[in-house]
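Data first, discussion second: the structure below is written as structure tokens.
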Amino acid sequence: MTAGDAHARARWARRGDIGLRIVAAVPLAYATASLWAMAIARLLPGDRAEASVTAALIALALCAVAAMWAFAARSGWRAIWTLGVAAAVAAAITWVSIDVTGRV
Amino acid sequence: MSKGFRQSQAFLHTWSGLLLGWILFLVFVAGTIAFWREGLNRWTRPEIARVEQPMRVLAGSQAFLAKKAPDAKSWIIPVATERSPGAQLFWVPQPKPGEERGRGRRGGRGRGDTQVLIGADGQVVQARETRGGEFFYRFHFDLHYMPVIWARWLVGFATMMMLVAIMSGIVTYKKIFRDFFTLRRAKGQRSWLDGHNATAVLALPFHLMITYTGLVTLMAMLMPWAVVANYTDQNIVFAKLFPTAAVVERTGRPAPLIDLRRIAADAERRLGAPASFIEVSDPGDAAARVSVSQSANSMLSSRTPRLTYDGVSGRLVWRSPPPGAAAETAGAMIGLHAGRFAGDGGRWLYFLCGIAGTVMVASGLVLWTVKRRERLPDPTRPHFGFRLVERLNVAVIGGFPLGIACFFWANRLLPVMLRGRADWEMHALFIAWALAAVAAFVVRPARVWPALFAATGVLLVALPVYDLVATDRGLFASLAIGDLMIAGIDATMAVFGFAFLWLARRVARHRPAAKRVRKAPAVITARVLEPAE
């Protein structure tokens, strides 16, 4: 392997990594924030409309934090799977909660 | 904080800021101008008199509607204030048999045949057709020439990236407090960085607030999932968050409508604050209802209380329940964003912070090129991406203000009888901007920057002069009658005009120097080619 090959490979690896981070920062960050909006709206006690508004207010900030995390994580793959796990947890909470108590 | 974390955030800050910076610049400029929306609504109609007796306008509105649309389904009458040009009222005709009820958005555009402006004397105003300050308010989140829903998603996405850029910028900028007052002038990249930092940090609380609350204004569209999680039908939650009095069926029995001034006076007494909107449903029918909402200028939250009266007897039949804590919080955030609660001093603060935000975005965009030019292999022949960013910066930062100056001139010069006049005012903006963009891509940036700034400056300085000569609402006439709003707009345009001229001169002065050192090392060439420092 020549030095040029190694250099080119490193450059493509970096591009791939950034591509993964963009996927994590835009669609995945939004999906994660949205699922947490649902989970928080389910978990908050009291009036349902109030819980929904509070959850949406929190989720907007969560979305920005998730996008930051996508670039702060050690690698692009790590950003993807950590956000994926966070999204899955929220989805599970929401699904179980709706299954148990239903919606208005 | 680890070095790697800061580096990753610097990368994020640079690229999220660059890719959406041009849209953010437009949104910032339009939003900043929109803080003077009411004033501009008057400034763009110099022929109309100032409202001194709002109740006279209300009486005139009722008289007009009783004649023009006695059988309407509803009338919507804004209560005129000393800040507004009058009452821009509109009515919704009875749906024809077979037609779906309540179709189409009320108050949307293209309702020219069901709306009029009632002036200070209570008569229909014969003023030039214009969107006035409303244009900037709408453009701030609806943009133009594109479906509203796309525009809002685009602006919402850009706003989210703005929030990300601000938060990652705070992390990136480690010496945030030490460098707070540092401004190194005429030092190339360092000066651009200082300028970017100064405008960002100085107004940082404002930027964070305006960005996050901007997202809250679009929350129902951006983040409907919290509602979906709890409700099978979104209408239920909207009915709960924005409650209205129970709808009464039209009886078909005619009954005279009460004098709306009596209702307004009673509502203002009960609310302890001015009223803003009066909505009359089924006027002239025994089942008529009159709803009055409190003025958003009188309170922080945008969730203004409402009262509903029986339209015949004038009896209070309903008052809106106080909103819950979360709804009130969201309402307060929207109120903070729009700044309607702010008096003149507060509006100035909003306006200045908006300018700081605009300069922050613009300097950030320029900084991207300044930083990279020094690292280019051959600064005289930059690569495609660099040239694209450089030219887009000229087209947007230099071109959009020129377009706005042309909008104001179109408002003054287009013939009053021109069909679609209000549209042509807006077309004028975009035509001028398009021409500027073409120039930006054809001519060297070092020439286009000063040319665009100078043209904008001349146009803006000339506006108050034109007002002085050709209208009877010139600066001194406005001052003489104590109309500080109109005088202030004229004066502000002049100040901005001189600022643009100063900017143009600074940028232009660097050109001869650039030629002289054309063969000098890349770093020096890069500095002197840049516009203002």
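Details
- Matching residues in segment B:373-396 - criterion: being touching a helix residue (DSSP H, G or I) at 6+ places or on another chain (Cβ under 6 Å) and farther than 16 Å from B:R444 by Cβ: B:E374, B:V396
- Scanning segment B:313-332 for residues that are more than 10 Å from every other protein chain (Cβ to nearest Cβ), more than 30 Å from B:A255 (Cα to Cα) and surrounded by fewer than 18 Cβ atoms within 10 Å (Cβ to Cβ) gives a single hit, B:P322.
- Taking the criterion of being surrounded by fewer than 16 Cβ atoms within 10 Å (Cβ to Cβ) and more than 18 Å from the chain's Cα centre (by Cα), the residues of segment B:209-238 that qualify are B:M221, B:T232, B:D233, B:Q234, B:N235, B:F238.
- Pair list, Cβ < 7 Å and 6+ apart or interchain, from segment A:12-41 residues that are more than 9 Å from chain B (Cβ to nearest Cβ) to residues that are of a type in the set (S, T, N, Q) and not in a helix (DSSP H, G or I): A:D17/A:S75
- Residue within segment B:191-207 that is under 30 Å from B:K73 (Cβ atoms) and within 14 Å of another protein chain (Cβ to nearest Cβ) present: no
- In the set B:E249, B:E268, only one residue is among the acidic types (D, E) and touching a strand residue (DSSP E or B) at 6+ places or on another chain (Cβ under 8 Å); that residue is B:E268.
- Of all residues in segment B:150-192 being closer than 28 Å to B:F139 by Cβ and of a type in the set (F, W, Y), the one that is modelled with the lowest pLDDT: B:W192
- Scan of segment A:37-49 for residues that are at pLDDT below 95 and either in contact with a Lys or Arg (Cβ under 7 Å, 6 or more places away or on another chain) or more than 17 Å from A:T101 (Cα to Cα) (or both), ordered by number: A:A49
- Residue in segment B:289-305 that is in contact (Cβ under 8 Å) with a residue 60 or more places away in the chain and either among the polar types (S, T, N, Q) or in the same structural domain as B:I170 (by TED's automatic domain parsing) (or both) present: yes
- Residues located in segment B:211-270, provided they are away from chain A (no Cβ under 14 Å), outside any helix (DSSP H, G or I) and among the hydrophobic types (A, V, I, L, M, F, W, C): B:A245, B:A246, B:V247, B:V248, B:A255, B:L257, B:I258
- Scanning segment B:1-43 for residues that are polar (S, T, N, Q), surrounded by 22 or more Cβ atoms within 10 Å (Cβ to Cβ) and either over 30 Å from A:G76 (Cα atoms) or in contact (Cβ under 8 Å) with a residue 60 or more places away in the chain (or both) turns up B:Q9, B:S16, B:N41.
The values are calculated or read from the model by the stated rules, or taken from the named source; none is laboratory data. Every value quoted in this text rests on a predicted model; they were computed, and no experiment measured them. Backbone-built Cβ (ideal geometry, glycine too); neighbour counts: all protein chains shown.
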